[in-house]
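First the structure, in the form of structure tokens, and then the observations on it.
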Amino acid sequence: MAKGRMRYWKLTSDELGGYSYDESKLLNWEIKCVREPEDEAHFIGVFMYRNGTAYDYESVKGICFFHNNIDRKEVPEITKFLQGKYNGKEMEKGERIFLKDSKEIYSAKEISDLAKEMESKFNTKAIISLEFGEITAEELKEAGLPEAKLLPIPT
């Protein structure tokens, strides 16, 4: 069976908590934390790329977040919350905060738990995306990931 890149989207924290995939094949994840009403586009996006996130001309490893229409006074609280859990040196670029060399998380449980905490602490609804590499559809099915939320990535 062909291996490739696969993306799952619109997963909830409860759904994700029930999956068990090969963590070494998770390339990146994102938790988009949306505040009601959705049409006002108030959100916090927490994400991590296995190979690092671009910051100018370097790649920074660790957890990052971005914010949209969030009061600037809340940004230090979000940063403090994430640093308290994962450490990392704070670096800011525009609407993105990088926690350089923070603890990296890849398990469904850790990502699900973070999403639930973000929902509770920051009054949001979490929508989770996962992207896998070098993985087969069969492996994903065995992990319990729903085919209905799969977006194959063309190569």
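The values are calculated or read from the model by the stated rules, or taken from the named source; none is laboratory data. A quick note: this is a predicted structure, and the numbers were derived from the prediction, not measured. All Cβ positions, even for glycine, are placed from backbone atoms using ideal geometry, and neighbour counts span all protein chains on display. Calculation scope for accessible area: heavy atoms of the full protein, side chains included, ligands and nucleic acids excluded. Shrake-Rupley method; radii C 1.70, N 1.55, O 1.52, S 1.80 Å.
For segment 19-28, does any single residue satisfy the condition of being out of contact with any Asp or Glu (no Cβ under 8 Å at 6 or more places or on another chain) and open to solvent by less than 30 Å² (accessible area, probe 1.4 Å)? No, segment 19-28 has no match at all. Every condition in (1) in contact with a Ser or Thr (Cβ under 8 Å, 6 or more places away or on another chain); (2) open to solvent by less than 50 Å² (accessible area, probe 1.4 Å); (3) assigned to a strand (DSSP E or B) holds for Gly62 except the one numbered (3). So for segment 38-50 (the condition being under 20 Å from Glu131 (Cα atoms), open to solvent by less than 60 Å² (accessible area, probe 1.4 Å), not in a strand (DSSP E or B) and not polar (S, T, N, Q)), does at least one residue qualify? Within segment 38-50 (the criterion being under 20 Å from Glu131 (Cα atoms), open to solvent by less than 60 Å² (accessible area, probe 1.4 Å), not in a strand (DSSP E or B) and not polar (S, T, N, Q)), the answer is yes, since at least one residue qualifies.
Only one of the numbered conditions (1) free of Cβ contacts under 8 Å to residues at least 60 places away in the same chain; (2) out of contact with any Lys or Arg (no Cβ under 9 Å at 6 or more places or on another chain); (3) closer than 30 Å to Glu134 by Cβ is violated by Glu104, and that is (2).
When the test is whether a residue is surrounded by fewer than 13 Cβ atoms within 10 Å (Cβ to Cβ), of a type in the set (D, E, K, R) and either modelled with pLDDT under 95 or on the phi > 0 side of the Ramachandran plot (or both), Asp56 passes it.
Of the residues making up segment 11-22, one or more are more than 13 Å from Ser107 (Cα to Cα), assigned to a strand (DSSP E or B) and either free of Cβ contacts under 8 Å to residues at least 12 places away in the same chain or within 14 Å of the chain's Cα centre (by Cα) (or both).
Out of Ala126, Ala54, Ala137, Ala41, which single residue is of a type outside the set (Lys, Arg) and in contact with a Pro (Cβ under 9 Å, 6 or more places away or on another chain)? Every option except Ala137 fails the conditions.
Taking the conditions (1) more than 16 Å from the chain's Cα centre (by Cα); (2) part of a strand (DSSP E or B); (3) not aliphatic (A, V, I, L, M) in turn, Asn28 satisfies each one other than (1).
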